[in-house]
Amino acid sequence: MKEQPIEAVMWRTLKILRRCDYDTLLAHINMTHPCTDRRLSRYLNNVIELGFVKHSGGGGQYALRKGSLRMTPSAPASAPIFRKGVQYD
């Protein structure tokens, strides 16, 4: 069985939880796949910048963004993957 990229695991966990804080998200990801704090922070910053995820400052909650120009009412199935030299549309 081919191993999944960690981005796919992070994205799937975000979709399952729908709304969560940073520590909860990291804990759920680390249940099945090792993920560093730095790796998750980078990923969240990228998906927030693209408009896929929103972050509410007060409670520190992350949630999938719905109804934006880039998103349909449900989150995309495939994970946005960010690697050097690869562009994501």
Output the number of the condition that CYS20 fails; it satisfies all remaining conditions of (1) in a helix (DSSP H, G or I); (2) closer than 20 Å to GLY59 by Cα; (3) open to solvent by less than 30 Å² (accessible area, probe 1.4 Å). (1)
Among the residues of region 60-83, count how many are at pLDDT below 70 and open to solvent by 60 Å² or more (accessible area, probe 1.4 Å). 8
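Considering only residues of region 44-59 that are part of a helix (DSSP H, G or I) and in contact with a Phe, Trp or Tyr (Cβ under 7 Å, 6 or more places away or on another chain), which is surrounded by the fewest Cβ atoms within 10 Å (Cβ to Cβ)?
In the first step, residues of region 44-59 are kept if they are part of a helix (DSSP H, G or I); the result is 44-49.
Filter again for in contact with a Phe, Trp or Tyr (Cβ under 7 Å, 6 or more places away or on another chain), leaving 44, 46.
Values: LEU44: 19, ASN46: 16.
Across region 44-59, the extreme among qualifying residues is ASN46.
The values are calculated or read from the model by the stated rules, or taken from the named source; none is laboratory data. From a predicted model like this one, the values you see are computed outputs, not experimental measurements. Reconstructed Cβ throughout: ideal geometry from the backbone, glycine too, with neighbour counts over all protein chains shown. The accessibility values were calculated without ligands, DNA or RNA, using every heavy atom of the protein model including side chains. Shrake-Rupley method; radii C 1.70, N 1.55, O 1.52, S 1.80 Å.
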